[in-house]
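Inspection log for the structure reproduced underneath, given as structure tokens.
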Amino acid sequence: MRPLSIFNFSIVFFNLSATAQTRPNIVYIMTDDHTAQMMSCYGHSPIQTPHLDRIAQEGVRFTHSYVANSLSGPSRACMLTGKFSHKNGFTNNEHGVFDGSQQTMPKLMQQAGYQTALIGKWHLVSEPTGFNHYDILVGQGEYYNPTFIHNNGTRFVEKGYCTDIITDKAIQWMENRDKTEPFILFVHHKACHRDWLPDLKDMHEFEDQTFPLPDNFWDTWEGRTAAQQQEMSIGSAHDMDLIYDNKIYSPGDKSRLSDGYLGYVNRLDSADRIRYFQFHDSLTAAFKANPPQGRALTEFKFQRYMRDYAKVTKSLDENVGRLMEYLERSGLLQNTLVVYTSDQGFYMGEHGWFDKRFMYEESLSTPLVMRLPEGYNRRGLVDEMVQNIDYAPTFLEMAGADIPDDIQGRSLVLLLKDSSTSGEAGRGVSWRDAIYYHYYEFPAEHMVKRHYGIRTNRYKLIHFYQDIDQWELYDLQADPSEMHNLYGNPAYRKVQKRMHKRLRQLHRQYDDPIEEELKQK
């Protein structure tokens, strides 16, 4: 962990400026592919995340937080615009280019007098707009000695580990900003994205830990055609690659340091590269000496995946701690909304998978914790259903800005003001009874079929379409792991009819023409 002493600042100056400022600052921390199953404040996590947990302990933890489209670029576009993918135009990573000329929350925050900055992952192809300052990774970015693009258009390689560098840059920007105006800072980490390359100091972490298999790890996807046809299975040599994902290579592979995963390792300086391979050579040698087969091989791949993911998460958690420490020591914490979330959830072996995309719970859900500024006294759990389209109107309302009528999300401010109404949306305020989801990227990597659907507190209805036409219905109370497709089951006929009706209502509410388009085909 890097000491804060490398940054020189005046505590007195920060305290005076924080006191004089009435509108809250906002620090929005978003990771990539971090899932609630690997965050200890959500319970049942096999690792501890004390710094992330601190945000929840001092603020609120959302228990029903969802995305509108479980894919990195589209999820970010939903957050920036407060609109579903069919409205903001960025539906998928394969062919999408975000239209930066459209109305976005950062632009509206600028108009409201906020300084705006983006540090880290952008992943929307076009140049960022609406930011006074940005310092972004190229595409997915690299864990080791990553290349950044500055808002003056220049590119250069930053020496170090990506998660550390993003945190350094975020702190440096806050140091150098105009202290007389409020700010919103977007801190977008590459972690915990594939290929899970850890900080070298963490390489040996979790190596003695055996991670438990999820109860449905050996799922055969009976009755779920789309699930049978995906390409994100840990057990598949095609889907999870021994070299790229598990870092098990043949002796001759290291001579090809420009290829794939080994090309990322090649970004290390020579001394660090030797250190990296000293560790992984021993893992490879042990594997080659007694290579597992069948189910044993699948379990080996799972353990290697989990350990690398956990190592990357450890560094992430520590850097969130660094950022929180800076806010506290600088006098900013009291009047700053700190948000921690991810662009979507992820599968940690559930259904035998890694990755995301499906509307099933592990990837539909995303962790969301907030430490609230003065005047917002909700504490503990927030059980209402929220989505990432809600962040834009929330930040705008906190800034005292008008929320445009075309924003489709709903401000969460009412949920954050009164802790005496836990489980209810404030005094006498109604909240949504369902959320809508639509995934578009097919055919593409992992081959998850296009689908849309609705989730209520108890039930979920999903329609897979394009080269398939299958409906799925789940009773989340009786079947939280979504193993049994109940669509067409006579016992659920009334539920099915009710869910179809509510889905049609959401299509009208959010102006998604998909059902009408499918009727015309």
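For the full complex of protein chains and a 1.4 angstrom probe, list 122, 221 by accessible area with the highest value first. Please list the in-between numbers first.
Working: 122 20, 221 45 Å².
Most to least solvent-accessible, the answer reads 221, 122.
Each label was represented as a point 7 Å from its Cα along the Cα-to-Cβ direction; for residue 377 and residue 334 these points are 1.7 nm apart.
Remark: the chain carries 38 Å² of accessible area per residue (probe radius 1.4 Å; ligands, DNA and RNA excluded).
As I understand it, the dipole of the chain uses +1 on the Cβ of Lys and Arg and -1 on the Cβ of Asp and Glu, about the Cα centre. Which of 300, 477, 289 lies farthest toward its positive end? Comparing the listed Cα positions along the dipole, 477 ranks first. Annotation: residue 76 carries an accessible surface of approximately 0 Å², with a 1.4 Å probe and no ligand, DNA or RNA atoms counted.
Dipole size of the chain about its Cα centre, with +1 on Lys/Arg Cβ and -1 on Asp/Glu Cβ: approximately 680 debye, rounded to the nearest 20. For region 47-167, the spread of Cα coordinates along the three principal axes comes to 39, 37, 35 Å, biggest extent given first.
One decimal place: the segment residue 297-residue 500 gains 68.9 nm when fully extended, by the rule 0.36 nm per residue minus the C-alpha distance.
The candidates 460, 497, arranged from most to least accessible area with a 1.4 Å probe in the full protein assembly, appear as 497, 460.
Relative contact order (percent) for region 151-268, with alpha-carbon contacts under 8 angstrom and 6 or more residues of separation?
Details: 45 pairs, mean separation 17.6, N = 118.
Reported relative contact order: 15 percent.
Extension gain, residue 181-residue 241: 0.36 nm per intervening residue step, less the Cα-Cα distance, totals 16.7 nm. By the combined test of axial Cα extent (at least 15 Å) and Kyte-Doolittle hydropathy (mean at least -0.5), the qualifying DSSP H helices of the chain come to 162-176, 270-289. With the gyration tensor restricted to C-alpha atoms of the chain, the semi-axes of the equivalent ellipsoid amount to 33, 33, 21 Å, longest first. Here the spin labels are modelled as points 7 Å beyond Cα on the Cα-Cβ line, and at residue 228 and residue 250 they lie 3.5 nm apart.
A simple spin-label model places pseudo-atoms 7 Å from Cα toward Cβ; at residue 63 and residue 215 they are separated by 1.8 nm.
If R0 is 30 Å, the Cβ-Cβ spacing of residue 447 and residue 207 corresponds to a FRET efficiency of close to 0.35.
The values are calculated or read from the model by the stated rules, or taken from the named source; none is laboratory data. Keep in mind it's a predicted model, so treat the numbers as computed, not measured. A quick note on method: Cβ atoms are made from the backbone with ideal geometry, for glycine too, and the neighbour counts reach across all protein chains shown. What goes into the accessible areas is simple: the full protein's heavy atoms, side chains included, and nothing from ligands, DNA or RNA. Shrake-Rupley method; radii C 1.70, N 1.55, O 1.52, S 1.80 Å.
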